[in-house]
Amino acid sequence: MSRSHALRSLALVFVLGLGGCVAWQPVTTPVADLLVTEAPERIRITTADGTVQTLHAPAIRAGALVATLGPGAALIEDVTLLEVERKSIARTIALVAPAALVVALVAWEACRC
């Protein structure tokens with residue numbers, strides 16, 4: 001492995017990590033406030049009967065949370081847990097650091113020969 005190839009591989013590892021890892025995090029904010037302030041692309045809800053749904057482009061219509069870009073809906077009063085996706089720096093580091101270390105070690109060995 002040439003030095004430039006190793007550097008390109010290392011750069012690729014970092015670029016892939018820029019998107020970051022996301023994690024579902026519970027929200028205690030009222031649904032209406034959340035949709036106005038954060039306008040999440042997706043939310044995950046759990047209803048009283050234990051059903052878990054991911055709603056794409058969520059909106060409130062007639063007392064229900066509905067997905068405007070796909071199937072899914074539930075009455076707001078039935079929602080027991082509301083979650084949004086948020087980037088997790090810890091997960092991103094946990095993904096990128098080991099991969100970068102492996103690429104760096106391979107590059108180091110290749111350059112020593």
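None of the figures in this text is laboratory data; all of them are computed from the coordinates on show. These figures come from a predicted structure and were not determined experimentally. Positions of Cβ are backbone-derived with ideal geometry, glycine not excepted, and every protein chain shown enters the neighbour counts.
So if we plug the beta-carbon distance of Q25 and R112 into 1/(1 + (r/R0)^6) with R0 = 41 Å, what FRET efficiency do we get, rounded to 0.05?
Working: r = 44 Å, r/R0 = 1.08.
FRET efficiency, Q25 to R112: 0.40.
What is the P(r) of the range 60-113, as percent of Cα-Cα pairs per 10 Å bin from 0?
With a bin width of 10 Å, the distribution comes to 18, 24, 15, 16, 13, 10, 3.
Starting from the amide H of T29, placed 1.01 Å from N in the peptide plane, find each other amide H under 5 Å away whose residue is 5 or more places distant or on another chain.
Long-range HN contacts for T29: none found.
Under the Kirkwood approximation for Rh and a Cα-based Rg, what ratio Rg/Rh is obtained for the range 32-91?
Here the Rg-to-Rh quotient is 0.98.
Amide H to amide H, which residues 5 or more places from V22 or on other chains are under 5 Å from it, using H placed in the peptide plane?
S88
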